[in-house]
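*Asks:* Let me give you the structure first, and then I'll get to my questions.
None of the figures in this text is laboratory data; all of them are computed from the coordinates on show. Remember, predicted model here, so these are calculated numbers, not experimental data. Here Cβ is always computed from backbone atoms with ideal geometry, including for glycine, and neighbour counts include all displayed protein chains.
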């Protein structure tokens, strides 16, 4: 019987402080252009409300994970992350998302892609965006990824089962270098603010760091305060754009919007301080080593990107960088980042080697939960384009 829509299996997971649609690679066509058209249709993009799809009309919920069994030695599953644009017909595959990575291990377990071991199954995940390995240590109950637990992460209501994510050798995820310009500091000149000290570091994802005070910020602003300041938003994008040109991601300043709204990331950092988070609670200065505010797809991130946290933690432990200048109270590779939803702890295994650094891994605690499984419906006209 003829049907006007094609059914495709999906699962929706909350991964950390993000939410995404998880797809099996085998359920998608091999042609990349057709695959992207189908994913855009699933999300309802482009449309600011994503009303004709499953996207949540927010950069933190317009994300896709494509997963398959891996043929690579020592790897369980391959995983490709896509940031699905809300307003344009585009999916950005230029970098990874650490929060969505948190759902890949549970998804692989729940879908039977890996051998399950109780009480903890370690899933070795190859991220195709960065060519890096992630090991997810996932609690298992009854052969499925555990849900209940006492782990609380800032930005997610309640508690859940604790997932440990080891991001192995995260250096040079996009550019191939820890310091893409070869320097721990560079100078970028933008209108209104003049010449600014920045640090461009690539660990997990490339990030350009700027001191909050240099662009008129406290560093403790909440997202709505940042969103209501067009002058500041323009300055942040100018810094990001200039950094993209400096590290060779684009050929000219201003061209990064056409290439990627997600990479490089731009993060403003400031010394630790007392501040209030989105729900009104206060974070005390001694709970964090620094405070930071990140942008996501040219919007103020409501919490903190995990790949951005990897890079922030690494940069804070490197001599001469902007984050290391503002950070204080650092001990034994532990870096606690203050963000709009609370505190994000990280653990970095870092060693100085001559003039450089070896980063063995960065470990973070996340939670994830399967929210639904079923079928998304895509009009046949999309498949026939």
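*Asks:* Given the -39500 (n - 2.57) contribution per DSSP H run of 4+ residues, what per-residue ellipticity at 222 nm results for the chain, rounded to the nearest 500 deg cm²/dmol?
*Replies:* -5000 deg cm²/dmol
*Asks:* Moving on to the next point. Report for segment 186-360 the percent antiparallel among DSSP-assigned beta bridges with both residues inside it, nearest 5. Let's see the in-between values first.
*Replies:* On the way: 31 of 38 bridges.
Taking every DSSP beta bridge within segment 186-360, about 80 percent pair in antiparallel fashion.
*Asks:* At a temperature of 4 °C and a viscosity of 1.567 mPa s, determine how fast segment 1-145 diffuses translationally according to Stokes-Einstein, using the Kirkwood radius over alpha-carbon pairs as Rh; express D in µm²/s, rounded to the nearest whole number.
*Replies:* Numbers: Rh = 15.6 Å.
Rounded, D is 83 µm²/s.
*Asks:* Specify the angular offset, from 0 to 90 degrees and rounded to the nearest 10, of the alpha carbon long axis of helix 230-246 from the longest principal axis of the alpha carbons in the chain.
*Replies:* Result, in degrees: 80.
*Asks:* Then there's this: If you work out Cα extents along the principal axes in Å from the coordinates, which of [x] 66, 45, 43; [y] 58, 51, 40; [z] 99, 58, 36 do you get?
*Replies:* [x]
*Asks:* Starting from the Cα-Cα distance between residue 26 and residue 382, subtract it from 0.36 nm times their residue separation and give me the gain in nm to one decimal.
*Replies:* Going from the current span to full extension adds 126.4 nm.
*Asks:* If I model a spin label at residue 185 and residue 231 as a point 7 Å from the Cα along the Cα→Cβ vector, what separation in nanometres do I get?
*Replies:* 2.6
*Asks:* Follow-up question, since we're still on this one. Using the alpha carbons of segment 16-63, what is the convex hull volume per residue in cubic angstrom, as a whole number?
*Replies:* Output value, Cα hull per residue: 73 Å³.
*Asks:* Need the full-extension length gain, residue 47 to residue 353, defined as separation in residues times 0.36 nm minus the C-alpha distance. One decimal, nm. Mind showing how you got there, number by number?
*Replies:* Numbers: separation 306, 0.36 × 306 = 110.16 nm, distance 4.88 nm.
Extra length from residue 47 to residue 353 when fully extended: 105.3 nm.
*Asks:* Between residue 245 and residue 120, what is the label-point separation in nm under the 7 Å Cα-to-beta-carbon projection?
*Replies:* Using points 7 Å along Cα→Cβ, the separation is 4.8 nm.
*Asks:* With 21 Å as the cut-off, how large is the P(r) tail for segment 186-360, expressed as percent of Cα-Cα pairs? Mind dumping the intermediate values first?
*Replies:* Numbers: 6634 of 15225 pairs.
Result for the distance tail: 44 percent.
*Asks:* Normalising by the residue count of segment 186-360, find the relative contact order in percent from Cα pairs under 8 Å and 6+ residues apart.
*Replies:* Relative contact order here is 22 percent.
*Asks:* Rounded to the nearest 0.05, what FRET efficiency do residue 371 and residue 195 have when you use their Cβ-Cβ distance and R0 = 56 Å?
*Replies:* 0.75
*Asks:* Another one. Sequence gap at least 6, Cα distance under 8 Å: using those rules, report the relative contact order of segment 1-119 to the nearest whole percent.
*Replies:* Values: 196 pairs, mean separation 29.3, N = 119.
Relative contact order for segment 1-119 comes out at 25 percent.
*Asks:* Could you calculate the contour length gain from residue 285 to residue 71, that is, 0.36 nm times the residue separation minus the distance between their Cα atoms, to one decimal place in nm?
*Replies:* Stretched fully, the residue 285-residue 71 segment lengthens by 72.3 nm.
*Asks:* Quick check on the chain: of the DSSP beta bridges with both residues there, what percent are antiparallel, nearest 5%? Please list the in-between numbers first.
*Replies:* Working: 82 of 97 bridges.
That works out to approximately 85 percent antiparallel.
*Asks:* Could I ask something else about it? Using only Cα atoms and rounding to the nearest 10 degrees, what angle (0 to 90) does helix 32-43 make with the longest principal axis of the chain?
*Replies:* Between helix and principal axis, roughly 90 degrees.
*Asks:* So how do 375-383, 285-293, 53-61, 306-314 stack up, highest first, on mean other-Cβ count within 10 Å?
*Replies:* Going from most to least packed, we get 306-314, 285-293, 53-61, 375-383.
*Asks:* To continue, here is another question. If you average the sequence gap of Cα pairs under 8 Å that are 6 or more apart and divide by the length of the chain, what percent do you get for the contact order?
*Replies:* Contact order relative to length: 19 percent.
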